[in-house]
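Novice: Let me give you the structure first, and then I'll get to my questions.
The values are calculated or read from the model by the stated rules, or taken from the named source; none is laboratory data. Model, not experiment: these values are computed from the prediction. Cβ: placed from backbone, ideal geometry, glycine included. Neighbour counts: every protein chain shown. Ligands, DNA and RNA are excluded from the accessible area calculation, which covers all protein heavy atoms including side chains. Shrake-Rupley method; radii C 1.70, N 1.55, O 1.52, S 1.80 Å.
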Amino acid sequence: MARQRNDQRKADGSVSAWRPRVPGVVEVFHAHYTEYAYPMHVHDAWTLLIVDDGAVRYDLDRHEHGTPHDTVSLLPPHVPHNGSPATPDGFRKRVLYLDASRLGDELIGPAVDAPDLRDPVLRRRVGQLHAALALPGDELEAESRLTLVGERLRTHLRPRGDKDPVPRDPVRRDPALARRLRELLDERVVAGIGLEEAAALVPAHPAHLVRAFSGAYGIAPHQYLMSRRVDRARRLLLAGRAPADVAGATGFYDQAHLTRHFKRLVGVTPGRYRASGTRRG
């Protein structure tokens, strides 16, 4: 009986799905399948797929495709496709379902013609985006990464005669725009702000806004915001406030969110940092 249950788990695999608080992302879906095969089906959203282990074989518009681990696959909405393991041990995949605000219908045709994109930079950025989406409180980072991913996808899907063989990120200097965003982030250290709202207030295209800020200050907008929050947290911790209280007072999602960023920037946990100040007192 135990062996039968193990065999069943192996056949069924495992899944994790959620809807993050990031505009344009309909769903995040992570799955590990060993034997399961998808029948032909459609989605009403764009399917952005990376495979971490194994490979997937699928049919799209009556043509067979595959997803080795170094490929990013983009399947357009309303076009039937299926999917099955292409290796004996199945596959482990991460998927983002994106609505039309990120990729328009005019890109459906090019995506049908070339759904599998071999682009190491894009592959790395999609992985970083998934990491940000998995952590509540890091929505500004996720929005920024999604904006740059969408820009690179659109570059791939432009007509062949209008693009380089390998997409290149444009270098755009705009120190005045970067300064306006920094001022806005300084005003919203605790409350925070989404990238779309910031872009509307500045105003600027979200991708241009991220690039201008990073180019001017050598740090991404979300990194700047977290640095400002950690600085505030340090002062409150040295004043004797408990880490849980400090997290809420400085704009972090919860104590775990504070701890993750605090340790990354300071090298110790908030609790140890607070204790060091108490000992000196």
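Novice: Of everything in the stretch 52-76, what is on the phi > 0 side of the Ramachandran plot and touching a Gly at 6+ places or on another chain (Cβ under 9 Å)? Give them in sequence order.
Specialist: Let us first name the residues in the stretch 52-76 that are on the phi > 0 side of the Ramachandran plot, namely 54, 61-62.
54, the sole residue that qualifies.
Novice: Would a scan of the stretch 225-238 turn up a residue that is of a type in the set (A, V, I, L, M, F, W, C) and open to solvent by 80 Å² or more (accessible area, probe 1.4 Å)? Walk me through how you get there before you give the answer.
Specialist: Going residue by residue through the stretch 225-238, those that are of a type in the set (A, V, I, L, M, F, W, C) are 225-226, 230, 233, 236-238.
Of the ones still in play, those that are also open to solvent by 80 Å² or more (accessible area, probe 1.4 Å) are 238.
Scanning the stretch 225-238 turns up at least one residue that is of a type in the set (A, V, I, L, M, F, W, C) and open to solvent by 80 Å² or more (accessible area, probe 1.4 Å).
Every residue, every condition in (1) open to solvent by less than 50 Å² (accessible area, probe 1.4 Å); (2) β-branched (Val, Ile, Thr); (3) closer than 22 Å to residue 124 by Cα, yes or no:
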{"site": "14", "(1), (2), (3)": "no, no, no"}
{"site": "57", "(1), (2), (3)": "no, no, yes"}
{"site": "60", "(1), (2), (3)": "yes, no, no"}
{"site": "72", "(1), (2), (3)": "yes, yes, yes"}
{"site": "76", "(1), (2), (3)": "yes, no, yes"}
{"site": "82", "(1), (2), (3)": "yes, no, no"}
{"site": "86", "(1), (2), (3)": "yes, no, no"}
{"site": "89", "(1), (2), (3)": "no, no, no"}
{"site": "96", "(1), (2), (3)": "yes, no, yes"}
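Novice: Run down 204, 233, 247 and say which single residue is aliphatic (A, V, I, L, M) and in a loop (DSSP other than H, G, I, E, B).
Specialist: On inspection, the qualifying residue turns out to be 204.
Novice: Scanning the stretch 112-146 for residues that are in contact (Cβ under 8 Å) with a residue 60 or more places away in the chain and more than 26 Å from residue 259 (Cβ to Cβ), which turns out least open to solvent (accessible area, probe 1.4 Å)?
Specialist: 126
Novice: Sticking with this one: Assess whether residue 103 counts as being open to solvent by less than 10 Å² (accessible area, probe 1.4 Å) and either within 16 Å of residue 149 (Cβ to Cβ) or assigned to a loop (DSSP other than H, G, I, E, B) (or both). Spell out how you get there, then give the answer.
Specialist: Values: open to solvent by less than 10 Å² (accessible area, probe 1.4 Å): yes; either within 16 Å of residue 149 (Cβ to Cβ) or assigned to a loop (DSSP other than H, G, I, E, B) (or both): yes.
Yes: the conditions hold for residue 103.
Novice: Something else now. Restricting to the stretch 206-224, what's the tally of residues that are within 22 Å of residue 24 (Cα to Cα) and surrounded by fewer than 20 Cβ atoms within 10 Å (Cβ to Cβ)?
Specialist: Within the stretch 206-224, residues that are within 22 Å of residue 24 (Cα to Cα) and surrounded by fewer than 20 Cβ atoms within 10 Å (Cβ to Cβ) number 3.
Novice: Within the stretch 97-126, which residues are of a type outside the set (A, V, I, L, M, F, W, C) and in contact with a Gly (Cβ under 6 Å, 6 or more places away or on another chain)?
Specialist: 99, 101, 102 - these are the residues of the stretch 97-126 that are of a type outside the set (A, V, I, L, M, F, W, C) and in contact with a Gly (Cβ under 6 Å, 6 or more places away or on another chain).
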